[in-house]
Amino acid sequence: MLTASNHSTRQMRFAAFVAVVLAYCVTTQAQIGDEVLQPPGSSPEQTPTPTNATLFLNVRVFDGKSATLTPPSSVLVRGNIIERVSTSPIDANSIENITVINGQNRVLMPGLIDAHWHAFMAATPMALMTADPSYLHLLAARQAEATLMRGFTTVRDMGGPVFGLKRAIDEGAMIGPRIYPSGAFISQTSGHGDFRFSFEVPRTLGGPLSHSEVVGVAAIADSPDEVRLRAREQLRSGASQIKLMGGGGVASPYNPIESTQFTEPEIRAAVEAAENWGTYVTVHAYIPRAIQQAVAAGVKCIEHGHLIDEPTAKLLADKGIWWSLQPFMNDQDASPLVNSVSQQKALQVFAGTDNAYKLARKYNIKTAFGSDILFDAKLTNRQGAQLAKLVRWYTPAEALQMATGNNGQLLALSGFINPYPGKLGVIEPGALADLLLVNGNPLEDIKLIEDPARNFVVIMKDGRIYKNLLPHNVG
Ligand SMILES: [Zn+2]
């Protein structure tokens, strides 16, 4: 029986517990200073220059599709569109307010695309995730600028509150990449997206939202109806695709990596909501059973999948499912993990990476590149280096095709709600003008992309120049 007095004792104990947790959060936050938040990434050398047109002269083009460079060429960008690519001279005298850049035989390539990014969480330490959300959004904006200055002109955001950031960037109020947002990732209770404190459960159906749900990082749902509601909420907010947690993850505390999450009807509810909106669902899953369930429910893409087996890889190939795979390895670029359980899970994933890429190649699966960098500003500076690691399994040309032309095809699955209609990741007439001018040939030396500050001498997004280290004429 619960008497008044032991009830209040319980309340006091609970209050004391909350106080301890909060004190922990506050001290952790107090210890996080500029040292951890640095470096901010390089700032743009110039504010974006609005011109009517840009003419690149004397460039060799990697077009995002082929394995070789073109002979010396000229590329004309008009507005935000690539208008012409030509080995014969392009006469631009008739075009007013045109910027002419002599590439001096450098390589012009499409802007890079990261298919698994978290703009809200990439650079901010996990311990800060309980801080004032407005502060976290400002940090995310700073990181968005650094992301663009690393040559990543587009990211497919795989979860987090980025609708405001995307809008501010698209409107020109902030500098950053194009963002294909998922909004909150949808997770079952105890799933990979359930980061609630232990004292926040049980929650009754329809009960109050947890902090990560209020902020827009996660949406917890436990029936087809709840999944449908959460998916529709993300679409209403502007999600270009829906992200579900379909199996165990590394950083999350309450789920074994071997677990399968949601049921087929729950995932199918999200698939129906997405397909009615012209788009698709992608599912976080490492193990065969979770991948197979997601595929049976109609998803178009799998995130991670490092612990896949051969029959499941064949299933992805047969069904034409995209595989958004990351070169996770036990090296300097491994995400910081707070506890030994997560560290153990990470080792399991690292052990699967080599096999996963080999199967992706063997079955010619449509494979996307994504970095999935989380909670570490220093690691974000390794975004290009993560891509360069793919030469363990691919030629430099194949790795670069994956992060440009192929990733562009994956983005296009967002159909009629594509926030940036037009071709991305390729250099061809009619494509959107996201371009990098590279000091050297990345098809011969992919490591050039590891040092974007030095080697990307021009960065253009949507026809605007955000960085230009070369002398240029504006006529
Ligand atoms: Zn992720």
*asked:* Looking at the range 270-285, can you tell me whether even one residue there is in a loop (DSSP other than H, G, I, E, B), crowded, with 24+ Cβ neighbours inside 10 Å and within 15 Å of the ligand (Cβ to nearest atom)?
replied: no
_Being surrounded by fewer than 18 Cβ atoms within 10 Å (Cβ to Cβ) and over 20 Å from Ala141 (Cβ atoms) narrows it down to one residue among Gly207, Gly238; which is it?_
Gly207
*Matching residues in the range 199-222 - criterion: being in contact with an Asp or Glu (Cβ under 7 Å, 6 or more places away or on another chain) and assigned to a loop (DSSP other than H, G, I, E, B)*: Ser210
*asked:* Taking the condition of being in a helix (DSSP H, G or I) and either in contact with a strand residue (DSSP E or B) (Cβ under 9 Å, 6 or more places away or on another chain) or within 16 Å of the ligand (Cβ to nearest atom) (or both), how many residues in the range 362-409 meet it?
replied: 17
_So in the range 150-180, with the set limited to residues that are of a type in the set (Gly, Ala, Ser) and within 16 Å of the ligand (Cβ to nearest atom), which one is nearest to Gly425 (Cα to Cα)?_
Gly159
_Looking at Gly216, Gly193, Gly183, can you tell me which residue is assigned by TED's automatic domain parsing to the domain that holds Phe262, within 16 Å of the ligand (Cβ to nearest atom) and touching a Phe, Trp or Tyr at 6+ places or on another chain (Cβ under 6 Å)?_
Gly193
*Looking at (1) under 27 Å from Glu398 (Cβ atoms); (2) in a helix (DSSP H, G or I); (3) of a type outside the set (Ser, Thr, Tyr); (4) within 16 Å of the ligand (Cβ to nearest atom), which is the one condition that is false for Asp318?*
(4)
*Starting from the range 416-429, take each residue that is crowded, with 20+ Cβ neighbours inside 10 Å and list its partners that are hydroxyl-bearing (Ser, Thr, Tyr) and at pLDDT 95 or above, counting only C-beta distances under 6 angstrom and pairs at least six apart or across chains.*
Leu424/Thr154; Gly425/Thr404
_List the residue pairs whose Cβ atoms are under 7 Å apart, where the first residue sits in the range 185-204 and is farther than 18 Å from Thr130 by Cβ, the second is among the polar types (S, T, N, Q) and within 16 Å of the ligand (Cβ to nearest atom), and the two are 6 or more positions apart or on different chains._
Gln188/Gln261; Ser190/Asn255; Gly191/Asn255; Gly191/Gln261; His192/Ser252; His192/Asn255; His192/Gln261
_Unique match (being closer than 30 Å to Tyr254 by Cβ, acidic (Asp, Glu), at pLDDT 95 or above and within 16 Å of the chain's Cα centre (by Cα)) among Asp372, Asp354_ = Asp372
*Only one residue in Val295, Val338, Val250 is within 16 Å of the ligand (Cβ to nearest atom), assigned by TED's automatic domain parsing to the domain that holds Arg230 and of a type in the set (A, V, I, L, M, F, W, C). Which one?*
Val250
*Listed residues Thr124, Thr147, Thr130; which is within 16 Å of the ligand (Cβ to nearest atom), at pLDDT below 95 and not in a strand (DSSP E or B)?*
Thr124
*Residue check, Asn330 against (1) touching a Phe, Trp or Tyr at 6+ places or on another chain (Cβ under 6 Å); (2) under 28 Å from Pro181 (Cβ atoms); (3) surrounded by fewer than 23 Cβ atoms within 10 Å (Cβ to Cβ), all met but one. Which one?*
(2)
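The values are calculated or read from the model by the stated rules, or taken from the named source; none is laboratory data. What you see is a predicted model, and the numbers here were worked out from it, not measured in a lab. Note: ideal-geometry Cβ built from the backbone for every residue, glycine included; neighbour counts use all protein chains shown.
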